[in-house]
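These notes concern the structure reproduced below.
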Amino acid sequence: MLKRFSLEPSRIALNLAVLFIIALWTFPTAGLLISSLRDKNDIAASGWWTALASADVNKKGRLKGMADQVEKDGKFTVSGNLFEGADAVSGKVSAYGTKVQAPGANAAGSAVTLDNGQTLQVNGDGSYVLSSPTAFTEESGGRVFYIASQPPRFTLENYQTVLFSEGIGRSFINSLTVTIPATIIPILIAAFAAYALAWMKLPFRGLIIAIIVGLLVVPLQMSLIPLLKLYNAAGTFMGVPSKTYLGVWLAHTGFGLPFAIYLLRSYIAGLPKDLIESAQIDGANDFKIFRRVVLPLCFPALASFAIFQFLWVWNDLLVAIVFLGSGPDQLVLTGKLNALLGSRGGNWEILTASAFVTIIVPLTVFFSLQRYFVRGLLAGSVKGG
Amino acid sequence: MTAQILYAFITVILGVGGCFGYFYGSNWLLDKTFPANANNDASAVRNLRIQANIRPWLFLGPALLLLTVYLIFPVIQTLWLSFHDRAGDKFVGFANYTWAFYDDQFRLSIFNNILWLAVVPALCTLMGLIIAVLTDRLWWGNLAKSLIFMPLAISFVGASVIWKFVYDYRGEGQQQIGILNAIVTYFGGDPQVWISLPFWNNFFLMAILVWIQTGFATVILAAALRGIPEDTLEAATIDGAGPFKIFYRIMVPQIYSTILVVWTTITVLVLKIFDIVLTMTNSQWNTSVLANLMFDWMFRGGGDFGRGAAIAIVIMVAVLPIMIWNIRQANAEQKGH
């Protein structure tokens, strides 16, 4: 066996190499996640990788005026806090100055004598004391420019925006409306067909199997024009809209069937013969055998196809934009995101949060059901669609 | 929102329920019409035989119907359309194909597709192989593999947003928020508008697919590596072979057929690549590929079903031999086990 724990230089190099590759692979997604949690002004102002460290921002504030002065021992003082007020920021003042050109002239905590003889001291927490030998006469005090170092700020505001006012929430529901039936219906239809092709006596069985396997090669794009024409004709004929959820479910079912039947048939055909035969002797008909014996046994195959199909339908853009309308009641997440890329291309706070909403479901499915997913993938190298 | 959820819920229940209803209903009807427990034996036997003849078609019916409507009919129809003019009325022979042959945009798309074919499958397989071998010897290898594998669960559109962010460009002197330009400017280079960079922009789009598909290659190749008998590796080690020699001489030959399957699977995917180009560049800046060209001719402005269909046929003809090879390979492997 290979040694798994040791501290040889080659092992360390190996670990570092893998770490490097993983960093490379997760960096783009990490960028998306971190950005989506940042303030929208921050996203446009600095790279997401700076979000974890505290950032220096230049700020300005105005000191209080005569109304707040206090006289003590013949000296007049005004005190307050730069962080209080309308555009208050939290953080820490690292330096300050009274000229816009030099906001970092004086370190926080040090006192400075101004041109008019007043003394100003700004502390790290934003508090300041301005003292003068004569009384203050101005309505409001002078301006102070300072550098505040802000701790990392994260917010869920972007998510609130996209979910409730950008229509992502609605598209999320549309996506579920498309995906759930488009996953269950093909499983059901394919499982019945696979059982029939594996265990039931019927003419042309070999031919049907060959045709179904042959259909694995048909590229999806090919079906679009003829189907769209068919849908339009059917829609006009029956006087219903041609773009319906039913239409998109059936389309996904049709496109997913060859792979589903192929995968399930080879699994169901591999079940022990005795099992089926003994059930037949007990007088069960094929419908009963299928429900009671076969269905529970082929759960792993059903699960791997279900995950495969779920991710495929959820992530699909082409079928959805061709067979579903682009109104808010039908636009799915991928379509919505694609539309946002065009219309809100510069609004990274919208794009990043929306993108994360669209990928959170597949990622959850993937991480929780990874085992089945990998199995489906191993079989799925033949999927054409 | 609540109304929408309720509506969605009802739609889902109706759709799925209808499907269940068909199978239960049709089988129930069959059992009722030809009861197996009929009053005399002769009719019971007859009914059972009728049931056995009808039931397979009840099981197969929906699948055959859907396959016919959604795959067989479109293939025939597309073939037919590709020999007809833009509206599909007049037979034009091979005119659509000869048009494609001389069309600059088509040639560009073919060229780009070949570029993709040359780069993506090779790079994915190579990276997958390297990662599979490296992680095989780590105690946290499985975690590493899931992280590499993760992009596979992300939609192409989602991936495009992620990568647009990576490639984001700000004018010189401004702070770059795209990581690629940030790195370039950090080392003193000039920021670039990556996705409109002539010729090279293709490679930046390919990077996305490599990012997505390497996980697929890794997982499948890692499974194959597990299948290599331990004693062949041990024998090679005893004979004094170094790790690189073991890799080239022992590991690669033994998983050669799996490498080919991975390679061809990604090749098929690349031939049909569509979403990434649509969402990243929308075929602008000379990044068009066949599927996008077809889409434009069919649905956008082009409005020429004949030409679109001809391009679809070209894609299918290109995919066909590889898929056939793949399926035969998969069947051979199944028989072998």
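If you go through the stretch A:112-142 and keep only what is surrounded by 13 or more Cβ atoms within 10 Å (Cβ to Cβ) and without any contact (Cβ under 8 Å) to a residue 24 or more places away in the chain, you end up with A:V112, A:Q118, A:T119, A:Q121. Mind listing just one residue for me: the one in the stretch B:171-188 that is surrounded by 17 or more Cβ atoms within 10 Å (Cβ to Cβ) and not in a helix (DSSP H, G or I) and, of those, nearest to the chain's Cα centre (by Cα)? So the residue we want is B:G178.
For the stretch A:231-270, taking the residues that are of a type in the set (F, W, Y) and more than 10 Å from chain B (Cβ to nearest Cβ), the one that is nearest to the chain's Cα centre (by Cα) is identified as A:F259. None of B:A132, B:A153, B:A87 is free of Cβ contacts under 8 Å to residues at least 60 places away in the same chain and either outside the structural domain of B:W211 (by TED's automatic domain parsing) or of a type in the set (A, V, I, L, M) (or both) except B:A153. In the stretch A:332-339, the condition of being over 26 Å from the mean Cα position of the chain (by Cα) and more than 30 Å from A:G214 (Cβ to Cβ) is met by no residue. Selection within the stretch B:150-171: residues that are modelled with pLDDT of 85 or more and more than 23 Å from A:L318 (Cα to Cα). The member of this set that is farthest from the other protein chains (Cβ to nearest Cβ) is B:Y167.
Results for (1) under 30 Å from A:E349 (Cβ atoms); (2) in a helix (DSSP H, G or I), shown as yes or no for each residue.
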| site | (1), (2) |
| --- | --- |
| A:R11 | no, yes |
| A:F20 | no, yes |
| A:L24 | yes, yes |
| A:P28 | yes, yes |
| A:R38 | yes, no |
| A:D42 | yes, yes |
| A:V78 | no, no |
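The rows are residues; the columns are (1) among the aromatic types (F, W, Y); (2) free of Cβ contacts under 8 Å to residues at least 24 places away in the same chain; (3) more than 30 Å from B:G171 (Cα to Cα); (4) more than 14 Å from chain B (Cβ to nearest Cβ).
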site	(1), (2), (3), (4)
A:A13	no, yes, yes, no
A:V18	no, yes, yes, no
A:K59	no, no, no, yes
A:K75	no, no, yes, yes
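Inclusion of B:I246 among residues that are surrounded by 14 or more Cβ atoms within 10 Å (Cβ to Cβ) and within 32 Å of the chain's Cα centre (by Cα) is not warranted. Can you tell me which residues in the stretch B:274-299 are away from chain A (no Cβ under 11 Å) and not hydroxyl-bearing (S, T, Y)? Result: B:V277, B:Q284, B:W285, B:N286, B:V289, B:D296. Going by what's in this entry, would B:L29 be described as surrounded by 15 or more Cβ atoms within 10 Å (Cβ to Cβ), of a type in the set (A, V, I, L, M) and either more than 7 Å from chain A (Cβ to nearest Cβ) or part of a helix (DSSP H, G or I) (or both)? Answer is no for this residue.
So, B:L138, is that one under 28 Å from A:V374 (Cβ atoms), more than 7 Å from chain A (Cβ to nearest Cβ) and either surrounded by fewer than 20 Cβ atoms within 10 Å (Cβ to Cβ) or without any contact (Cβ under 8 Å) to a residue 12 or more places away in the chain (or both) or not? It is false that B:L138 is under 28 Å from A:V374 (Cβ atoms), more than 7 Å from chain A (Cβ to nearest Cβ) and either surrounded by fewer than 20 Cβ atoms within 10 Å (Cβ to Cβ) or without any contact (Cβ under 8 Å) to a residue 12 or more places away in the chain (or both).
The set of residues from the stretch B:186-196 being free of Cβ contacts under 8 Å to residues at least 60 places away in the same chain and more than 14 Å from A:T50 (Cβ to Cβ) comprises B:F187, B:G188, B:G189, B:D190, B:P191, B:Q192, B:V193, B:W194. Considering the conditions (1) within 11 Å of chain A (Cβ to nearest Cβ); (2) touching a Gly at 6+ places or on another chain (Cβ under 8 Å), B:E230 is excluded by exactly one of them, (2).
Where helices (runs of 4 or more DSSP H) fall wholly inside the stretch A:119-228, the ranges with 1 or more residues that are among the basic types (K, R) are A:168-199, A:205-214. Taking B:A100 as the residue in question, decide whether it is small (G, A, S) and more than 30 Å from B:T264 (Cα to Cα). Taking the combined requirement at face value, the residue does not satisfy it. Just one of the listed residues (A:L271, A:L297, A:L228, A:L246) is in the same structural domain as A:R371 (by TED's automatic domain parsing) and closer than 30 Å to A:I360 by Cβ, and it is A:L246. For the stretch A:262-292, a residue qualifies if it is among the hydrophobic types (A, V, I, L, M, F, W, C), touching a helix residue (DSSP H, G or I) at 6+ places or on another chain (Cβ under 9 Å), in a helix (DSSP H, G or I) and within 21 Å of B:N53 (Cα to Cα), and the qualifying residues are A:I268, A:A269, A:I276, A:A279, A:F287, A:I289, A:F290. From the list A:I180, A:I225, pick out the single residue that is within 29 Å of A:L317 (Cβ to Cβ), under 31 Å from the mean Cα position of the chain (by Cα) and without any contact (Cβ under 8 Å) to a residue 24 or more places away in the chain. Every option except A:I180 fails the conditions. Just wondering, is there one or more residues in the stretch A:164-179 that are β-branched (V, I, T) and within 9 Å of chain B (Cβ to nearest Cβ)? The answer is yes; a qualifying residue exists.
Check whether at least one residue in the stretch B:2-9 is in contact with a strand residue (DSSP E or B) (Cβ under 8 Å, 6 or more places away or on another chain) and not aliphatic (A, V, I, L, M), and report yes or no. No, the stretch B:2-9 contains no residue that is in contact with a strand residue (DSSP E or B) (Cβ under 8 Å, 6 or more places away or on another chain) and not aliphatic (A, V, I, L, M). Would you check if A:L2 is within 14 Å of chain B (Cβ to nearest Cβ), touching a helix residue (DSSP H, G or I) at 6+ places or on another chain (Cβ under 9 Å) and either modelled with pLDDT under 75 or in a helix (DSSP H, G or I) (or both)? Yes, satisfied. Looking at the structure I just gave you, is B:P229 modelled with pLDDT of 85 or more and under 26 Å from B:S257 (Cα atoms)? Here the answer is no, as B:P229 does not meet what is asked.
The values are calculated or read from the model by the stated rules, or taken from the named source; none is laboratory data. Predicted, not measured: the structure shown is a model, and the values here were computed from it. Reconstructed Cβ throughout: ideal geometry from the backbone, glycine too, with neighbour counts over all protein chains shown.
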